[in-house]
Amino acid sequence: MANHRVGETGLTESRPPNHHHHHNIPYAVLHGMNVPTSFIHQEGSAFGFGELEEAIVLQGVNIRNDEAKAPLFRPAATLEMFPSWPIRFQQTPRGSSKSGGESTDSGSAVNTICSKTENQLEPESPISTKNTTPLDHQQEMASDFSRTGTSQNQPVAKLPQEKRRGSTSEKQLDAKTLRRLAQNREAARKSRLRKKAYVQQLESSRIKLTQLEQDLQRSRSQGFFLGGSAGAVGNISSGAAIFDMEYSRWLEDDQRHMSELRTGLNAHLSDSDLRIIVDTYISHYDEIFRLKVVAAKADVFHLITGMWTTPAERCFLWMGGFRPSELIKMLISQLDPLTEQQVMGIYSLQHSSQQAEEALTQGLEQLQQSLTDTIAGGPVIDGMQQMAVALGKLANLEGFVRQADNLRQQTLHQLSRILTVRQAARCFLMIGEYYGHLRALSSLWVSRPRESMMSDDHSCQTTTDLQMVQPSQIHFSDF
Amino acid sequence: MHCQTGSRGTYVPTSRTIAGDPLERIERLASENAVVIFSVSSCCMCHAIKRLFCGMGVNPTVYELDEDPRGKDMEKALMRLLGNSPAVPVVFIGGKLVGAMDRVMASHINGTLVPLLKQAGALWL
């Protein structure tokens, strides 16, 4: 919100060199205050000029960032609030301002600000939409600002001037004061209108969002079948997008369950209590397999290519997920101590999952061979027919991903049967942590600094590198 | 151990088949061998299930329904038996229905498949 407001009433892009970036004072805080009044009543430096200086800088920064939003640059609104910095404004020609002849007054600056502000909303005031060279004016203002040294001095310097003026001509001061007050009220009113408009915009966006979510929920419950590009958001089908969303939610749940397991183990809960936690975790896994069934129907390629996972996980991908025998291999060494029976059970499990994996892999290979035969060269009697047959064969992919997921699910269930409750809790925790590490590895990999992009002048190069991390790759941990 | 890897398993001559209820035929065929798989020659999942049994050292009896004149009826009967899933592959062990690929794999993982095979005489040790 601050950014939005600042976008209309901030400094130009030419920043005073002695200021640094990245402050974050809400502009609204400053603008909300009825500062001018108090200032005019000469409460002097009781007011925090340092904050103002920061705010001015902030607005300058924010303007830079909000260039798209604010085509017209505005002088700092804080300048509005300190009409007693007239010297600067006097030097800038303000022929276009309402107060025609009052070029020497900060009031004129305020007017110009107002008029420019009005340009964005509705032009209430009769003054112009003189945008001729607002940028120049403001740049001149800003450069004046910087040229005359630290801004800190200026407001203070103006005070005595204000005082002086007041003492010399009481009547004149009142008029000027009244005018300034009026203009400030006007500016405040404009700000309130802008804020209202912005809030309304937010509200309508929120409503739209809830509607979209409802649509999403509805179509998900209806079970939709989509081609890759139907209803695509960017390069991703809506089936894939929905699954990605559900998966990231599942990951958040996963974190929760894992901490429950951890606390359960550390607290030395009774076996029956721990059993409940472990069973909950197994149901949590069952949930993702259910989601994958739907996703396989909607977009099997999304699953099988592992686009829902992080890069490091993707490189270990087997038929749209983890390879059960590999998981068991990872766990075997860490599950000690095991009874002889348990050891036999685990090795037997690993063996049978290897056999099942091999069978599915060979089945998939035959599918690929068959597909190749269908679409590869040769006498094409009927291209469409050929494609139709190929499509039919492709549809079998879903079956393979489903069977692979089934295998994964059965493996996890069997593990929990072989192991004691405590062993099972530790086992699932290990699995969760393993994939957490793999995901973290992916994030680090993607954001690693690259030699070719380093340049001496860019002190914020690391920021850029971090920005290279694709959000989708960080958030999605995989299973 | 030799295993049929081609699309044609042990072929049962039609003269032995008696016209009648396809389900009856299925059950009869299933009881004639230790491990019986109903398949379709072009089906890749059927290929996978055959590979699974061969990999375990089992020599299954395979009926390719697309090569059987009454295959269509039998497919329909199997679909009714299993309820909506693809009709093939379907596995019978020791004359009893085990199920489609998911049931077979589940039973292999939970360790019940091998004892069943041994019991039916399809596996030794």
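The values are calculated or read from the model by the stated rules, or taken from the named source; none is laboratory data. Not measured: the values here are computed from a predicted model. Cβ: placed from backbone, ideal geometry, glycine included. Neighbour counts: every protein chain shown. Note: areas computed on protein heavy atoms with side chains; ligands, DNA, RNA excluded. Shrake-Rupley method; radii C 1.70, N 1.55, O 1.52, S 1.80 Å.
Numbers at a glance
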| quantity | calculated |
| --- | --- |
| Qualifying positions in region A:276-299 - surrounded by fewer than 18 Cβ atoms within 10 Å (Cβ to Cβ) and either over 16 Å from residue A:409 (Cα atoms) or basic (Lys, Arg) (or both) | A:276, A:290, A:297 |
| Counted residues, region B:106-125 - those being assigned to a helix (DSSP H, G or I) and either within 12 Å of chain A (Cβ to nearest Cβ) or open to solvent by less than 10 Å² (accessible area, probe 1.4 Å) (or both) | 8 |
| Criterion: within 14 Å of chain A (Cβ to nearest Cβ), in contact with a Phe, Trp or Tyr (Cβ under 7 Å, 6 or more places away or on another chain) and among the hydrophobic types (A, V, I, L, M, F, W, C) - qualifying residue of B:88, B:40, B:58 | B:88 |
| Matching residues, region A:314-327, being open to solvent by less than 10 Å² (accessible area, probe 1.4 Å) and either part of a helix (DSSP H, G or I) or among the aliphatic types (A, V, I, L, M) (or both) | A:324, A:325, A:327 |
| Conditions (1) in contact (Cβ under 8 Å) with a residue 40 or more places away in the chain; (2) surrounded by 16 or more Cβ atoms within 10 Å (Cβ to Cβ): number failed by residue A:330 | (2) |
| Residues that are open to solvent by less than 40 Å² (accessible area, probe 1.4 Å) and under 20 Å from residue A:441 (Cβ atoms), drawn from region A:300-313 | A:306, A:308, A:309, A:310, A:311, A:312, A:313 |
| Qualifying residue in region A:462-474 (condition: under 30 Å from residue A:297 (Cα atoms), at pLDDT below 90, open to solvent by 40 Å² or more (accessible area, probe 1.4 Å) and among the hydrophobic types (A, V, I, L, M, F, W, C)) | yes |
| Among (1) over 24 Å from residue A:439 (Cα atoms); (2) at pLDDT 90 or above, the one test that residue A:263 misses | (1) |
| Matching residues in region B:47-105 - criterion: being assigned to a strand (DSSP E or B) and either touching a residue at least 40 places away in the same chain (Cβ under 8 Å) or over 21 Å from residue A:362 (Cα atoms) (or both) | B:61, B:62, B:63, B:64, B:90, B:91, B:92, B:93, B:96, B:97, B:98 |
| Among residues of region A:255-307, those that are over 19 Å from residue A:418 (Cβ atoms), part of a helix (DSSP H, G or I) and touching a Leu at 6+ places or on another chain (Cβ under 8 Å), counted | 10 |
| Enumeration of residues in region A:359-412 that are aliphatic (A, V, I, L, M) and touching a Gly at 6+ places or on another chain (Cβ under 7 Å) | A:359, A:401, A:404 |
